[in-house]
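Notes follow the structure.
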Amino acid sequence: MAAMRVDRRAALALGGGVLAAGALTAGGIAVRSPYAPPPQLPTGSWDPGPATGTYDLGGHRVEIGRPGGPPSGRFRVLRGGTPVWWARAGVIGAARGTLLWTDRLGHFSDRRRLDRVWADARCETAGVVGGDTLRLTGRFGVRPGEGPDWQLTLLSRGDVLEVDLEVPDADLVLLRSDLAVDEAVHGLGAQATDIDLRGQDVVLAAREQGIGRGKQPLTVLAEKTQGAGGSPTTTYAPMPALVTRGLRGLDWSQDRVAEVDLRDRLEVSVWDARITARWRTAATPRELVRTPHDPIPGWTGTGAILGLQGGSAEVRRKLDALDGAAIAGVWLQDWVGRRSTGFGSRLWWTWQLDRHLYPDWDQLVADLTGRGIRVLSYINPFVVDPGEKPGGVDRDLYHEALRRGFLVGHPAGGPYVLDQDGFSAAMVDLTNPAAYAWFGEVIAAMPQTGGWMADFGESLPFDAVLHEGDPRELHNRWPLLWEQLNAEVRGPDEFVFHRSAWRGSRAAHWAGDQLTSWDAHDGMASALLAMLAGGVSGLPQMHSDAGGYTSLDQPVVQTHRDAELLLRWSEWCVWSPVLRTHESNRPEENAQVWDPQASPAFAQQTRVFRELADYRATVVADDLPAIRHCWVEVPGTAAAERDDQYFFGPSFLVAPVLRPGVTGREVSLPPGRWVLVWTGEEYAGDRVTRVRSLIGQPPVFHRVEDAGAAAISRRIRAL
């Protein structure tokens, strides 16, 4: 029997376990998180031996001092006199060992087992090659023959220092750098935690982000009953890239799982015998965080994309309730049909139109197209046995894939069957060229006019059997393979958005599955944090499910959204690349944008979104993140220290309302004169100002001298 697991969307069918775990928690019995950071690796030492000296490599200077010399000079790389990489003690390290994975309910957690650790490095040879390359070789250990050989190559290319460390006999290698006292560290993907990651130990593995992620008692209950609590740094979309307030960036090319330890210094450990990395420097944060990406179709900026479901009649009814709204598309995730589970409403992953739910699909699409509304659908890289689906299917993709050997295999034989809470699914093997092409044809055959959500991508088990390649190498790369397949099928005017990501990603992403709550652990505020972190580490075009996704009805942890949360979430999504709603996993228990309490205000928000269409088009075409931490736009100011406000492009400063029941909030305005969009009032900058905020009007400012932003604001006030 193949191993089974479930994903976040199935993880909280907790039942009576909630009350039992609640009693444990109330009694003071803690549940240890499987994501607890391991002990720090020893710092070690750096003995330069014959490498002592100064080396000029193109635009970089490498200073390697004597062991008895000043600590700051033992290893230092500078560009134009500015330190790029330095270490007072050990610069490199290596180890032998194993990374053991536990895969519970789609939530991967790891345990590091090290048999040998080599922290003391001695250099034995040094040589400059071609004027821009320094090659160092040596051995680990303080005594001759104690540890393995290593080779470290430094190559200067303009403002980039390329680093290549190879230790053939190691399972893990690491690079280490000191950090300045006040040098904040940002990035590493869509990290929904503090923007400054110093003090954290971050494991870069694509995985379910968890439920609660520190919000209590939910996290401890989810962990105790289902192993699904997650941690502040578990994410669908990790990225092997970071930037610092010292205007330096580090990224690396290995796909295997890495650990970035920021508890005392900057230490990157990769579970590989080699790490190839790049230190980058820039004069401004804007230069440091630029990332090329694929374009977002212009039509997405002209109105909301509504997440709707329930069949043709329900779609029409809900649209009628939003008369006067600017609607660019409807996202019909249940085009394949719906099934009920303990977690809520789920989908039939058969990837064929459900004619029972949408009997007049062609007419519905024609009607919507006539109104200028695109139709988007949904897909993920799984297939299911359709045997129990009411009405059956015309084509059984699961057994077709099984018969042709197109499914990811289990080490015990057969397909790797993954339990999704009430139904099982298997993944298409994207390393099999025939399976890859076959599933591309399945995606291309989906009925839609505007694009689709390309869900999942982070679920490849570390012990999977693949047509080609090592799953330990491919686990993190799987989201990129999934993205590439969708990109090959996507038409030029279709909008395809993803949840999981890895280095090299060029697609649009959304910030994952948040709780329908306000909190910064796993609710609305966490979505903003994830988008800010993703933006500076290679994911510049992110948006959020307006209103969140995960709703819970169990005792103790009940989580439902009301109209206030829905509208507050939507109002700042107006100032983002995409305004897209989601009904949640329990639509009947949550406020919806077409409800009478919400529809007038939401319709007004969509019209504001439409007024930003031309401006938005320029923002999303830029290589800078669309949603920018204030540090990117106004470094060195008090505003740059705030994680609860952002710039949408270069012109608009947005301060979302992130607490319930309030009618205003404080905004840290950068130096200069600023105009409140909703009233035209001017405010002095370089201070913290309290601003009134009605529903639909989060504090949004532009500079007095920004004529283009002023014109947009006048149109908004005239709506």
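For Arg659, the requirement of being touching a residue at least 24 places away in the same chain (Cβ under 8 Å) and either touching a strand residue (DSSP E or B) at 6+ places or on another chain (Cβ under 9 Å) or under 15 Å from Ile195 (Cβ atoms) (or both) is met. Among the residues of region 408-426, are any buried (at least 18 other Cβ atoms within 10 Å of the Cβ), over 29 Å from Leu100 (Cβ atoms) and without any contact (Cβ under 8 Å) to a residue 60 or more places away in the chain? Checked region 408-426: no residue is buried (at least 18 other Cβ atoms within 10 Å of the Cβ), over 29 Å from Leu100 (Cβ atoms) and without any contact (Cβ under 8 Å) to a residue 60 or more places away in the chain.
Of all residues in region 253-309, those satisfying the criterion of being of a type in the set (Ser, Thr, Tyr), in contact with a Leu (Cβ under 9 Å, 6 or more places away or on another chain) and assigned to a loop (DSSP other than H, G, I, E, B) are Thr284, Thr291. Scoring Gly535 on the criteria (1) within 11 Å of the chain's Cα centre (by Cα); (2) free of Cβ contacts under 8 Å to residues at least 60 places away in the same chain leaves a single failure, condition (2). Within region 454-490, restricting attention to residues that are in contact (Cβ under 8 Å) with a residue 24 or more places away in the chain, of a type in the set (D, E, K, R) and more than 16 Å from Ala425 (Cβ to Cβ), which residue is surrounded by the fewest Cβ atoms within 10 Å (Cβ to Cβ)? By that ranking, first place goes to Glu468.
Arg616 meets the conditions (1) in contact with a Ser or Thr (Cβ under 8 Å, 6 or more places away or on another chain); (2) of a type in the set (D, E, K, R); (3) within 30 Å of Thr284 (Cα to Cα) in every case but one. The failed one is (1).
Of all residues in region 665-713, which are hydrophobic (A, V, I, L, M, F, W, C), assigned to a loop (DSSP other than H, G, I, E, B) and more than 31 Å from the chain's Cα centre (by Cα)? Of everything in region 665-713, those that are hydrophobic (A, V, I, L, M, F, W, C), assigned to a loop (DSSP other than H, G, I, E, B) and more than 31 Å from the chain's Cα centre (by Cα) turn out to be Trp678, Val704.
Any residue in region 242-251 that is on the phi > 0 side of the Ramachandran plot, aliphatic (A, V, I, L, M) and not in a strand (DSSP E or B)? Yes; the residues of region 242-251 include at least one that is on the phi > 0 side of the Ramachandran plot, aliphatic (A, V, I, L, M) and not in a strand (DSSP E or B).
Per-residue answers, yes or no, for (1) of a type outside the set (S, T, N, Q); (2) surrounded by fewer than 21 Cβ atoms within 10 Å (Cβ to Cβ):
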residue: Arg207; (1), (2): yes, no
residue: Gln216; (1), (2): no, yes
residue: Ala228; (1), (2): yes, no
residue: Ala237; (1), (2): yes, no
residue: Ala241; (1), (2): yes, no
residue: Leu247; (1), (2): yes, yes
residue: Asp255; (1), (2): yes, no
residue: Trp279; (1), (2): yes, no
residue: Ala282; (1), (2): yes, yes
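When region 136-152 is limited to residues that are part of a strand (DSSP E or B) and over 36 Å from the mean Cα position of the chain (by Cα), the one that is surrounded by the fewest Cβ atoms within 10 Å (Cβ to Cβ) turns out to be Asp149.
Whether any residue in region 639-654 is part of a loop (DSSP other than H, G, I, E, B), crowded, with 22+ Cβ neighbours inside 10 Å and among the aliphatic types (A, V, I, L, M) is what I want to check. No; the residues of region 639-654 include none that is part of a loop (DSSP other than H, G, I, E, B), crowded, with 22+ Cβ neighbours inside 10 Å and among the aliphatic types (A, V, I, L, M).
Yes or no, residue by residue, for (1) crowded, with 19+ Cβ neighbours inside 10 Å; (2) assigned to a loop (DSSP other than H, G, I, E, B); (3) aliphatic (A, V, I, L, M); (4) in the same structural domain as Val632 (by TED's automatic domain parsing):
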site: Leu154; (1), (2), (3), (4): yes, no, yes, no
site: Asp164; (1), (2), (3), (4): no, no, no, no
site: Thr193; (1), (2), (3), (4): yes, yes, no, no
site: Leu197; (1), (2), (3), (4): yes, yes, yes, no
site: Val202; (1), (2), (3), (4): yes, no, yes, no
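The combined condition, being under 30 Å from Tyr236 (Cα atoms) and either assigned to a loop (DSSP other than H, G, I, E, B) or at pLDDT 90 or above (or both), is fulfilled by Ala95. Quick check on region 33-46: of everything there that is crowded, with 17+ Cβ neighbours inside 10 Å and more than 30 Å from Thr219 (Cβ to Cβ), which residue is farthest from the chain's Cα centre (by Cα)? Of everything passing the filter in region 33-46, Trp46 is farthest from the chain's Cα centre (by Cα). Answer yes or no as to whether Leu188 is assigned to a strand (DSSP E or B), in the same structural domain as Leu250 (by TED's automatic domain parsing), within 30 Å of the chain's Cα centre (by Cα) and not small (Gly, Ala, Ser). Here the answer is yes, as Leu188 does meet what is asked.
The requirement of being assigned to a loop (DSSP other than H, G, I, E, B), within 25 Å of Leu567 (Cβ to Cβ), at pLDDT 95 or above and of a type in the set (Val, Ile, Thr) is fulfilled nowhere in region 611-631; no residue meets it. Those residues that are under 20 Å from Arg628 (Cβ atoms) and part of a loop (DSSP other than H, G, I, E, B), I need them from region 544-581; list them, please. Correct list: Ser544, Val574, Trp575, Ser576, Pro577, Val578, Leu579. Pairs are defined by a Cβ separation below 7 Å, a sequence spacing of at least 6 or placement on different chains, a first member in region 506-524 that is more than 22 Å from Val557 (Cα to Cα) and of a type in the set (Phe, Trp, Tyr), and a second member that is at pLDDT 95 or above and not in a strand (DSSP E or B); the pairs so defined are Trp510/Arg499; Trp510/Ser544. The set of residues from region 174-205 being closer than 20 Å to Arg74 by Cα and of a type in the set (Val, Ile, Thr) comprises just one member, Val181. Looking at region 348-367, which of the residues that are among the aromatic types (Phe, Trp, Tyr) and at negative phi is surrounded by the most Cβ atoms within 10 Å (Cβ to Cβ)? This residue is Trp349. Please work out if Val181 is within 30 Å of the chain's Cα centre (by Cα) and closer than 14 Å to Trp279 by Cα. Spelling it out, it is not the case that Val181 is within 30 Å of the chain's Cα centre (by Cα) and closer than 14 Å to Trp279 by Cα.
The values are calculated or read from the model by the stated rules, or taken from the named source; none is laboratory data. Nothing here was measured: the structure is a model prediction, and the numbers come from that model. No Cβ is skipped: glycine too gets one built from the backbone with ideal geometry, and neighbour counts run over all protein chains shown.
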